Amino acid sequence: MEKGLLIFMGLGGLAFIVWGLPLVLGRKKLVRRGFKGTFLTFDDGPSEVTDQLLDVLQACQCQACFFLLGEEVVKRKETLKRIREEGHGIGLHGYSHKHPLKMTYWEQKKDLERAYQIFKQEGICPNYYRAPHGAYTWASLIFCKRHGLKIVHWTGLVGDWELQEEKILLDRLVKLSGPGHVLVLHDGTKGKANPLCKALVPLLVEDLSRKLATSPAPLEGWTGL
């Protein structure tokens, strides 16, 4: 009985080290001390609505960070360049959006390297990384360490990929906003544009225009990176 319990506890500890610990390390709490605004991030693009989002952000003089997929970047390289030229943060989100926990170490390493090389070919070195589904692994932690990428998680996950009603999402966005908070929206979802994102951002900007990040280096200075 005791031997069986020890084996069970040992396997549980091993499982935590293999799968649980990277999640804990990757999902560190973000704090922007002295920063009173809310910071917007966009995942899974670029898509056909990304340029329109950039127009909105430019009009309100707000900065954001885009976590881009390699397979989408190859379709819209000019959008990638525009994101950089307009001073927004650029983050790596992998090549595909396959769940990291459903990939082997070597499959994920290959996925990340493939995406990183696409950025480099365009003369851009991403500074940040966010894991698809927020699932950080040893493969992604080691990759980020080797390439000097800062891991950026979030404080508020809006859920706009579920295509809920605009009013519900806007209420959720406002509720999740606050000093030093990092919100996640999606300008792309499974290879397709998220039309709600295009509609929500102007509303969000109107409601929070004085509380959104305007720094040209939006993610610098956050502790927990």
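Summary of values
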{"item": "For GLY89, distant residues with modelled amide H under 5 Å away", "result": "ALA64, CYS65, PHE66"}
{"item": "Förster radius 35 Å - calculated FRET efficiency between ARG114 and ALA59 (Cβ-Cβ, nearest 0.05)", "result": "0.50"}
{"item": "Cleavage-rule hits, trypsin sites (Lys or Arg not before Pro), segment 67-111, DSSP coil, Cβ neighbours within 10 Å at most 14", "result": "LYS75, LYS98"}
{"item": "Amide H contacts under 5 Å for GLY37, placed H, 5+ residues apart", "result": "GLY180"}
{"item": "Segment 134-150 - phi-based ³J(HN,Hα) in whole Hz, Karplus 6.51/-1.76/1.60, Gly and Pro as x", "result": "x, 9, 7, 10, 4, 4, 6, 5, 5, 4, 5, 4, 5, 9, x, 8, 8"}
{"item": "Members of LYS81/LYS175; LYS145/LYS175; LYS109/LYS145; LYS98/LYS198; LYS81/LYS198 lying beyond 22 Å, as alpha-carbon distances in this model show", "result": "LYS81/LYS175; LYS145/LYS175; LYS98/LYS198"}
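Here, each number is a calculation from the coordinates, and none is a lab measurement. In this text, all values refer to a predicted model and were calculated from it rather than measured experimentally. Reconstructed Cβ throughout: ideal geometry from the backbone, glycine too, with neighbour counts over all protein chains shown.
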